[in-house]
Amino acid sequence: MGLRFYNSLTRTVDDFKPLEPGKAGLYTCGPTVYNYAHIGNFRAYVFEDLLRRALRYCGYKVTQVMNLTDVDDKTIRDSQKAGMALNEFTAIYKKAFFEDMEKLGIEPAEHYPAATDHIGEMIGIIKKLVDGGFAYVAEDGSVYFSIASYPDYGRLVTINPDEMRSSGRVKHDEYAKESVADFALWKAYDEADGDVAWDSPWGKGRPGWHIECSAMSMKYLGETFDIHTGGVDNMFPHHEDEIAQSEAANGCAFVNYWLHCAHLVVNGEKMSKSAGNFYTLREVLAKGFSGREVRWVLLTTHYRQQLNFSFQACHDARASLQRVDDFIARLKAAPAAAGDTDGRVAELIAASRNAFQAGVEDDLNISAALAGLFNLVRGGNRLVDEGAAGPSEAEKILDCLRAFDTVLGALEVDKEEDVPADITALAHDRQTARQMKDFARADTLRDELAARGWIVEDTAQGPRCKRA
Ligand code: AMP
Ligand code: ZN
């Protein structure tokens, strides 16, 4: 059927039709680097990673841009608290962010632009808006977007027309829908900003948060691009403001598909820094879970459903992954004598692949895709039990798992267990003894391995060591 997504702009599930055939431009709102990202943030980034991988699986060449918000109200506030220069302070959390992304198996985006490297582009858009009558300069030298100049305001969220007539102004980056108002594109220098300031046609100051994403998305993806994402909390005001200022400046559509993930919650409440109910990834890993297990927790609830985080969910993820790991190990040890005689393996693979693909295409329906995966695991185990899958059939099933893993990023089909060098050496000696037909020595070496807690299996690819 082809890929389709629930589009927050049209509020329907739309077929994905990219601007350029075979290509997809994707902008994903990135972290504000003022602290370690929490696992609620990572829910958004894992969803975006799934989206990116799903696009690739369906044959699109993806250009993904994820910005780094390294100047805004919060980064300035906390760098001052830490007594550090803004760029030194944000560098710590940029580094931590990339480390965490890697632990979660998130594929790198093509571009990670930082806001402080794009102030010139932001000023350029603001100038266009002032010249076009969509923005005005206030007494203090701040520049505001005029809501009244843009009748289409309120595309993602429904806004009461009375609120639209509000003549107020809002300088803060974050505000509620009830306080819809002209928002700051450029904030005139304030002593509270310390030494964070850039020159502009309106005097010294710094950009508002919303203009940052407009400038960085347009620069790398063009004035109109395919997909823009974030968490649902980004819809207002951030994305609403991005649409208004971008479309007013360029006179063309900004984004064709808006995708938003629901929140990760703890006891029913959104996980957030301000509520204080958050876990950083580091904290969860310190409790003994792996990045792969956390990824599985974040990945396996459909992105438009709230995800309630619990440590029980991490244990459940561990059990699901163990099932897959055991299956992979069995396939790799499939005895040479076994063989598929009636095409049942090919049939199983085709059915599982179809189910997986149908799930992926259906607005990233992860449960349906995983049903395809577990159909393969269940059916594959049965075939191995029945002796209907030998090494060549096993390899076909492994190939199917590899294909699924380009989307899931968690199956570790080809990961070797970390085997200590002395254990590898013993296994190697045993293999040599067997080849020399010295079976007594081979048995002694097997016992020696067992005494050290290791089992050695003879597979089509040679001996494989596994913890007992
Ligand atoms: P921020 O660093 O606050 O700008 O957030 C970065 C990304 O994380 C944005 O896309 C947010 O929408 C998303 N986000 C923040 N909190 C949560 C949460 N509890 N659940 C899911 N996504 C979130
Ligand atoms: Zn953004």
Legend entry - Selection within region 238-267 - within 11 Å of ligand 2 (Cβ to nearest atom) and either farther than 19 Å from Ala115 by Cβ or over 22 Å from the mean Cα position of the chain (by Cα) (or both): Asp241
Inset, instruction - Name every residue in region 103-119 that is touching a residue at least 12 places away in the same chain (Cβ under 8 Å) and under 17 Å from the mean Cα position of the chain (by Cα), in order of residue number. - result: Lys103, Leu104, Gly105, Ile106, Glu107, Ala109, Glu110, His111, Tyr112, Pro113
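Matching residues to (1) outside any helix (DSSP H, G or I); (2) basic (Lys, Arg); (3) within 30 Å of Trp296 (Cβ to Cβ):
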residue: Gly105; (1), (2), (3): yes, no, yes
residue: Asp152; (1), (2), (3): yes, no, no
residue: Ile159; (1), (2), (3): yes, no, no
residue: Ala184; (1), (2), (3): yes, no, no
residue: Ala192; (1), (2), (3): no, no, no
Inset, instruction - Of all residues in region 247-274, count the ones that are more than 16 Å from Ile211 (Cα to Cα) and not in a loop (DSSP other than H, G, I, E, B). - result: 11
Inset, instruction - Just give me the residues in region 80-101 being part of a helix (DSSP H, G or I), touching a residue at least 60 places away in the same chain (Cβ under 8 Å) and either over 15 Å from Asp49 (Cβ atoms) or touching a Pro at 6+ places or on another chain (Cβ under 9 Å) (or both), in sequence order. - result: Gln80, Leu86, Tyr93, Lys94, Ala96, Phe97
Legend entry - region 271-284, subset away from ligand 1 (no atom under 11 Å from the Cβ) and surrounded by fewer than 17 Cβ atoms within 10 Å (Cβ to Cβ), residue modelled with the lowest pLDDT: Gly276
Inset, instruction - Report those strands (runs of 3 or more DSSP E) wholly inside region 1-46 carrying at least 2 residues which are aromatic (Phe, Trp, Tyr) and more than 30 Å from Ala85 (Cα to Cα). - result: 4-7
Legend entry - Residue within region 208-219 that is assigned to a loop (DSSP other than H, G, I, E, B) and more than 16 Å from ligand 1 (Cβ to nearest atom) present: no
Inset, instruction - Please list, ordered by first then second residue, the pairs with beta carbon atoms under 7 Å, 6 or more apart or interchain, first in region 257-270 and farther than 18 Å from Val46 by Cα and at pLDDT 95 or above, second in a strand (DSSP E or B) and more than 12 Å from ligand 1 (Cβ to nearest atom). - result: Tyr257/Phe5; Tyr257/Asn7; Tyr257/Asp14; Tyr257/Asp226; Tyr257/Ile227
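Out of the helices (runs of 4 or more DSSP H) lying entirely within region 319-408, which hold 3 or more residues that are surrounded by 18 or more Cβ atoms within 10 Å (Cβ to Cβ) and small (Gly, Ala, Ser)? First the steps, then the outcome.
On the way: elements: 344-361, 366-385, 391-408.
Those helices (runs of 4 or more DSSP H) span 344-361, 366-385.
The values are calculated or read from the model by the stated rules, or taken from the named source; none is laboratory data. Remember, it's a predicted structure, so these values are computed and weren't measured experimentally. All Cβ positions, even for glycine, are placed from backbone atoms using ideal geometry, and neighbour counts span all protein chains on display.
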